[in-house]
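Comments concern the structure below.
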Amino acid sequence: MYVPDGAYVDGGKNGRVAAEYESEYMRADQTLRSFPSGVRNCYALPTDAGSKYLVRVVAFYGNYDGKNNSEGLQFDLHLGTNYWDTVQPADGRQVYEALFVAWGNRAPVCLVNTDQGTPFVSRVELRPLEDALYPDHVKANQSMNTYLRYTMGTINIAYVNVL
């Protein structure tokens, strides 16, 4: 279930992809929040300390700003104070995932302006993981991000990097 993000973030500006992109992707990717001001804008996602989570950030440019130019646009993602990945949305919809153990009752997922365009996000998802999943791989002092994912029939395999 998707809910509005206003309760989880203080800044930003709501936007919508251009009409020609509306039928191309699912409804959740048709709206977005951009952050034209500030260097670091964070979502404070509710968590339980010690529990494991998957966080997913989806960025779909869809010419939301009317400039029709996402070439060279990039910004960084941070999980708390730790660098997670660099968003480069020039090739359509981009998905970034990380697994982590919550260190408190809020997990900050931050978009960091690197002076290469306005940071934006289409979706931020937080999914609790069962304790039995990734028992030895996700530790309190580390997080993991997806490196590569293949779908081979009914089996999903994900390759991850430790951050």
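The values are calculated or read from the model by the stated rules, or taken from the named source; none is laboratory data. Because the structure is predicted, anything quoted here is derived from the model rather than measured. Cβ: placed from backbone, ideal geometry, glycine included. Neighbour counts: every protein chain shown. Each accessible area value is taken on the protein alone, full model and side chains, heavy atoms only, with ligands, DNA and RNA left out. Shrake-Rupley method; radii C 1.70, N 1.55, O 1.52, S 1.80 Å.
List of remarks:
- Qualifying residue in the range 60-71 (condition: modelled with pLDDT of 95 or more and within 13 Å of the chain's Cα centre (by Cα)): no
- Contact map, the range 105-123: residues that are β-branched (V, I, T) paired with residues that are open to solvent by 20 Å² or more (accessible area, probe 1.4 Å) and not in a strand (DSSP E or B), Cβ distance under 7 Å, separation 6+ or inter-chain. Pairs shown: V112/V39; T114/Q74; T118/P36.
- Qualifying residue in the range 68-88 (condition: touching a Lys or Arg at 6+ places or on another chain (Cβ under 7 Å), of a type outside the set (V, I, T) and touching a residue at least 12 places away in the same chain (Cβ under 8 Å)): no
- Leading residue by the ranking (farthest from C110 (Cα to Cα)) among those in the range 66-79 that are surrounded by 19 or more Cβ atoms within 10 Å (Cβ to Cβ) and not small (G, A, S): L73
- Residues being touching a Pro at 6+ places or on another chain (Cβ under 9 Å) and surrounded by 15 or more Cβ atoms within 10 Å (Cβ to Cβ) - total across the range 80-101: 2
- Test: residue in the range 128-147 that is surrounded by 12 or more Cβ atoms within 10 Å (Cβ to Cβ) and modelled with pLDDT of 90 or more: yes
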